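Here the structure comes first, spelled out in structure tokens, and everything after it is commentary.
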Amino acid sequence: MRVTERPGWHAAITASTIFSLALLLFSPPGGAAEKENPRSGGELVFAVGETPPSYDGHRETTFAMLHPIAPHYSTLLRFDPQGYPKIIGDVAESWSASKDGLTYTFKIRKGVKFHDGSELTSKDVKATYDKIILPPQGVASARKAYYDMVDRIETPDIYTVVFHLKYPSASLLANLASPWNFIYKAEILEKDPRWYEKNIMGSGPFTFVEYVPGSHWVGKKNPNYFMKGRPYLDGYKAIFIRDTAPRVAAIRSGQALIEFRGFNPAAKEDIVKALGDKVVVQESPWICNLTVTINNEKKPFDDVRVRRALTLAIDRWEASKALSQISLMKYVGGLFRPGAGSQYATPEAELTKLAGFGKNIEAARKEARRLLKEAGVPEGFSFTLKNRNVREPYEVTGVFVIDQWRQIGLNVTHMPQEGGPYFNDFRQGNYETGIDFNCDFMDEPDYQLLKFLSSDKSPLNYARYKDSVLDDLYEKQGRATNAKERLKLLRQFEKRVLDEQAYQFHILWWQRIIPHWAKVKGWKITPSHYLNQDLREIWLAE
Amino acid sequence: MAGEADTTIEVLPAVSHIPRWLAVSLRFARQRPLGAAGAAIIIIMALAASLADVIAPFDPLKTDYARMFQPPGANHWFGTDAFGRDVLSRIIYGSRTALLVGFSSSFFSATLGAILGVGSAYFGGRTDLITQRLMDVLLSFPLIVLALAVVAILGSGIMNVILAITIPMIPRCALVVRSTALSLRRTPFVDAARALGFGHARIIFRHMLPNVMAPYLIMLTAFQGQAILLEASLSFLGLGVAEPTAAWGLMLRGAAVEFAERAPWMAIFPGVAISLSVFAFNLLGDSLRDALDPKLRVS
Amino acid sequence: MHQYILKRLLLMIPTLLGVAVLVFLMLRVAPGDIVELKYAGTGAFAPKEVLDQERAQLGLDKPLWHQFLSWMWGIVRFDFGNSMWTGRPITYEIWIRLELSLELALMATLVAVLLSIPLGTLAALKQDTWVDYFVRIFSIAGLSIPSFWLGIIIILGFLIFVKWLPPLTFTSFWVDPKANLTQLIWPALAVGYRYSAVATRMTRSAVLEVLREDYIRTARAKGLWERVVLTRHALKNALLPVITVIGLEFAFLIGGLVVTEQVFNLNGIGMLFVESITRRDYTMTQALVLLVSFSFIFVNFIVDLLYAWLDPRIRYQ
């Protein structure tokens, strides 16, 4: 199936031949794909709600970097765009693991070319992962900690990469499918490990055309992309629109055809009402949630009874009904995302047994009041709830939570803050209670539980407690090779965090809603706005 | 000409037995209907704010998820918002926030500005030069930019918002007052007071400040409107008053815009409330300026 | 005159230095820094060492006086450094946005001048008639309606009634004048209305003042011909304070359109300012504040020169 590309090759064959050839060879790989025949051509204009900081995927942590930039790059593995959470190869053609789970061998596709024409080999994959896992002095890697299991990477030949692990890991493959891990060119990294912060040189389906800071990002079809017939689009243009209202307006007016992060239900309704059958709405549960985090060092929150009272008072089922109409908040869930494609979520019957997740709110509130009284917290006790000054869904949820606590006689002051002071206060422990968030690119306990480890182990844990039981459970589940055994450990972890200790607790999981123009085809929603952003399968109907 | 009416000012109290303040107000109302209209709106606002507990039909904080987005009707005159809270009640309570922020920040900034302006004009020389340079520095920031910077340091919340609005407005008042005070400084009575050995404080507070009352009052009213507007902008950006406090700018934030089509009342009424109250203060300030500004008087 | 100009130019330096010190200190006092934000994104797992390493790279570990002096040293050499957020040169980041901001400010000024001078003059000439009242109400309303709200209403109106929206990305006037104007005319109107309100009021009171001068009164009494001549003369004198107001507002428009730019998604200086300050991008915020202050002070200076030129009575030592 390898087609060598020589200069003049295009000219030699007429356009129509190419087209029919393309159709013949690359008609969709069956199954989940669209029934219509994909059409090549056109420029996809999409909206992005933020602007990218640097261009380096290994160091950045925002979707605003991924959405415009991911189309320029390939990764080693990826999540199946049509069938999350299945993992498929990207530049890896195939892979195998040793029996002891300590060695993973990947075969790299032949003929994958960087945009400068050089071939992508195992050397580049190794250089990329070396940078992510063992960044040289002065180079930042945001997710280094997730690759602790990797001992070393070897390249026996130019098409083979071998990962040697220190211990077996349940999450290795998923971690190698991370959308952040763009494969960079070894030669460039060698010269300047920070080159990629300001430049683009990938092997993805689109090449870089221009970026006007704060305004828009343009990419053009990569004619030498390794997957023949892809991408369908001639190019794309990402336009940056920070405010929600003009972002919604952009879709309504057709100035942008899609926005990949997600809109709230109100915006969706407006768009659907205005555009009718010109739009299609895709919805999915989202691997994002809001958490009430509690400063366990401050009195009276060092008392587990008080913390339990706080979680008991929140009627999550009511919240789900009410907030899902006006905000991104929707699904009641424990430490793992509920809904399709999630193997770890606690079933409802079991979940309702945890404090604050039950369906009898009257009883829960009564119990909460009793606990507060027992702990010596007076009626009308005042404290503050720090929050991020982002309307959706933070402030909306803040208002809800405060109202819930008011109903057990607590008087809470809402303090929304800008990002800077917000994170600063959380890190310094300069707060009583607060609304915290978490978003991951995949359902993976290694990620979702990190926030709950002892605060000296996890910089994401702002609740300032230490609990070696949780740390032990975390380590055990990560190395468990048996799925059933792992699930059991996860349940123990969850019960301890949410119920027994109520250190900090989730409120709701988010809903991801993408209303897009119907002519945008070939894109399927996933539970994460970080995934499936290379645009290679997208095409535009007439 | 407008100024000519002022000549009656000494005559009125003599021929009438009604109290002087009322007479003045009535004359003001007759001469300047726009100003009077502004004053009337302000009085209504002040009444609404002080009697909010009595006249507001609902608790402004009471969420009711069964009644989200109710259109205006018999029960909820201005409809309900995304949390099912009564918009009318929130507007009524919002007038408290607006007046509190408007009044405190304009009072503090006009007063501090007046003292600074008079002081710097009175002492002159190096004091004046240094104050002027400092004022120049503050004046070279746009109002909203400086307010944003102050909020960034102090964080949001009603007290910080008042401070954030007060600080950038001080030099603006000081500038105006100083120019009036400068001409006062050169008048014989100040020299006489100094010759008599009066202390600086006494001269400033007893002789000069009362004479800059006109620009002070004009600033006081004009700043009210500006402050309300600024508070609305800050709250709209999420840097002002925090939910669930009722505040007009906050009511326009987020949901009001996002739901503007389905629930236009959420975007319209608070916007009208802001505009109307600022309008009232500006009308009054404008009329006061006409009435009090000596430059526009016929000598 | 030359001496006066030189003196005024030199006087700018202490003011700008004051602005620099003020903004520098304000930013460092504000809680939270850019590094906190950079690694606060989702899935980031950044222990303190990583944050500190990043701080060292940005020079935030140095003592304050060192940071300040090296910033000043850069400015002297016209080197404003790099944005802490994007790593790109600040001059480049600002340059990209300056065209939009300048153009919008110019257009809003045009709107304001076209509205305010005729309206203000008319109101003064017809003082205390219904024309005057109408103009005053119109202009006071302009000062009272929050321009972000007006912007929201304009956008909604377009969406609902015309099913159209002005372009959301900026096209240079030189590339495509039509696309450029269809994007900027609406914010220019929304901002220009408020702006014109300020100028109308100033025009009205300035014309009123001039009309009360003795020579004008005499002229008006004498008859039409002289009246026309002198009204023209009057207008010229009345223009001075109006020019001041217009000039100062213009300077503020360059950096002060903080909210309007958000509503219309304009990639201008105001939006950059809000983003930089919320991200605690020190270098960028400092440069922007200096830019805005400088343009304000500079416009002030130009206005003063215009005064001297337009009004021969004013003489400078």
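The values are calculated or read from the model by the stated rules, or taken from the named source; none is laboratory data. Predicted, not measured: the structure shown is a model, and the values here were computed from it. When we count neighbours, we look across all protein chains shown, and the Cβ atoms used for this are built from the backbone with ideal geometry, even at glycine. Side chains included, ligands, DNA and RNA excluded: accessible areas come from the protein's heavy atoms. Shrake-Rupley method; radii C 1.70, N 1.55, O 1.52, S 1.80 Å.
Residues A:PHE437, A:PHE441: which one is assigned to a strand (DSSP E or B), closer than 18 Å to A:LEU508 by Cα, out of contact with any helix residue (DSSP H, G or I) (no Cβ under 6 Å at 6 or more places or on another chain) and within 11 Å of another protein chain (Cβ to nearest Cβ)? Working first, answer last.
Numbers: A:PHE441 fails: assigned to a strand (DSSP E or B).
Matching residue, one of A:PHE437, A:PHE441: A:PHE437.
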Take the conditions open to solvent by 10 Å² or more (accessible area, probe 1.4 Å), within 14 Å of chain C (Cβ to nearest Cβ), over 23 Å from A:PRO71 (Cβ atoms) and not in a loop (DSSP other than H, G, I, E, B) and apply them to A:TYR146. Does it pass? yes
Any idea which of (1) closer than 30 Å to B:PHE69 by Cβ; (2) in contact with a Lys or Arg (Cβ under 7 Å, 6 or more places away or on another chain); (3) open to solvent by 30 Å² or more (accessible area, probe 1.4 Å) is the one A:GLU374 doesn't satisfy? (1)
So, in segment A:308-349, of the ones that are open to solvent by 10 Å² or more (accessible area, probe 1.4 Å) and among the charged types (D, E, K, R), which residue ends up farthest from the other protein chains (Cβ to nearest Cβ)? A:ARG308
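Could you tell me which of the residues C:THR278, C:THR283 is more than 12 Å from the chain's Cα centre (by Cα), among the polar types (S, T, N, Q) and within 19 Å of A:VAL48 (Cα to Cα)? Break it down stepwise before answering.
Numbers: C:THR283 fails: within 19 Å of A:VAL48 (Cα to Cα).
Result of the check over C:THR278, C:THR283: C:THR278.
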Would you point out the residue of segment A:228-244, among those that are surrounded by fewer than 23 Cβ atoms within 10 Å (Cβ to Cβ) and within 7 Å of chain C (Cβ to nearest Cβ), that is nearest to A:ALA64 (Cα to Cα)? A:ARG242
Every residue in segment A:514-528 that is of a type outside the set (D, E, K, R), under 25 Å from A:GLN343 (Cβ atoms) and surrounded by fewer than 24 Cβ atoms within 10 Å (Cβ to Cβ), please. A:ILE514, A:TRP523, A:ILE525
Looking at B:ALA40 and the list (1) within 14 Å of another protein chain (Cβ to nearest Cβ); (2) under 15 Å from B:ALA280 (Cα atoms), which single condition is not satisfied? (1)
When you look at B:ALA181, is it assigned to a helix (DSSP H, G or I), open to solvent by 10 Å² or more (accessible area, probe 1.4 Å) and at pLDDT below 85, yes or no? no
Are any of the residues in segment B:149-165 closer than 17 Å to B:ALA121 by Cα and not in a helix (DSSP H, G or I)? no
Does B:PRO244 fit the bill of being within 7 Å of chain A (Cβ to nearest Cβ) and within 14 Å of B:ARG85 (Cα to Cα)? yes
Restricting attention to segment A:269-297, the residues that are in contact with a helix residue (DSSP H, G or I) (Cβ under 9 Å, 6 or more places away or on another chain), open to solvent by 30 Å² or more (accessible area, probe 1.4 Å) and either among the basic types (Lys, Arg) or in contact (Cβ under 8 Å) with a residue 60 or more places away in the chain (or both) number exactly 2
Mind checking which residues of segment A:194-227 are open to solvent by 40 Å² or more (accessible area, probe 1.4 Å) and more than 14 Å from chain C (Cβ to nearest Cβ)? A:PHE208, A:VAL209, A:LYS220, A:LYS221, A:PRO223, A:ASN224, A:MET227
Within segment C:4-18, is there a residue that is in a helix (DSSP H, G or I), within 12 Å of chain A (Cβ to nearest Cβ) and open to solvent by 50 Å² or more (accessible area, probe 1.4 Å)? no
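Considering every residue within segment A:365-387, establish whether at least one is within 14 Å of chain B (Cβ to nearest Cβ) and either at pLDDT below 90 or part of a helix (DSSP H, G or I) (or both).
Filtering segment A:365-387 down to residues within 14 Å of chain B (Cβ to nearest Cβ) leaves A:384-387.
Restricting the remaining residues to those that are either at pLDDT below 90 or part of a helix (DSSP H, G or I) (or both) gives none.
So far as segment A:365-387 goes, no, none of its residues is within 14 Å of chain B (Cβ to nearest Cβ) and either at pLDDT below 90 or part of a helix (DSSP H, G or I) (or both).
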Give segment C:156-214 a look and list any residue that's more than 19 Å from C:PHE264 (Cβ to Cβ), open to solvent by 60 Å² or more (accessible area, probe 1.4 Å) and charged (D, E, K, R), or say none. C:GLU209, C:GLU213, C:ASP214
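From the list B:LEU283, B:LEU288, which residue is among the aliphatic types (A, V, I, L, M) and either under 24 Å from A:PRO246 (Cβ atoms) or modelled with pLDDT of 85 or more (or both)? Let's see the steps before the verdict.
Values: B:LEU288 fails: either under 24 Å from A:PRO246 (Cβ atoms) or modelled with pLDDT of 85 or more (or both).
Only one candidate passes the filter, namely B:LEU283.
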Could you count how many residues in segment B:115-145 are surrounded by fewer than 22 Cβ atoms within 10 Å (Cβ to Cβ) and not in a helix (DSSP H, G or I)? 1
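When you check B:LEU154 against the structure, is it within 14 Å of chain C (Cβ to nearest Cβ), among the aliphatic types (A, V, I, L, M) and open to solvent by 10 Å² or more (accessible area, probe 1.4 Å), yes or no? I'd like the intermediate steps shown before the answer.
Details: within 14 Å of chain C (Cβ to nearest Cβ): yes; among the aliphatic types (A, V, I, L, M): yes; open to solvent by 10 Å² or more (accessible area, probe 1.4 Å): yes.
Here the answer is yes, as B:LEU154 does meet what is asked.
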Could you pull out the residue among C:LEU156, C:LEU122 that is without any contact (Cβ under 8 Å) to a residue 60 or more places away in the chain, under 22 Å from B:LEU276 (Cβ atoms), touching an Asp or Glu at 6+ places or on another chain (Cβ under 9 Å) and in the same structural domain as C:VAL258 (by TED's automatic domain parsing)? C:LEU156
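Give the residue, chosen from C:LEU266, C:LEU290, that is modelled with pLDDT of 80 or more and open to solvent by 10 Å² or more (accessible area, probe 1.4 Å). Talk me through it step by step, then tell me what you get.
Details: C:LEU266 fails: open to solvent by 10 Å² or more (accessible area, probe 1.4 Å).
So the residue among C:LEU266, C:LEU290 that is modelled with pLDDT of 80 or more and open to solvent by 10 Å² or more (accessible area, probe 1.4 Å) is C:LEU290.
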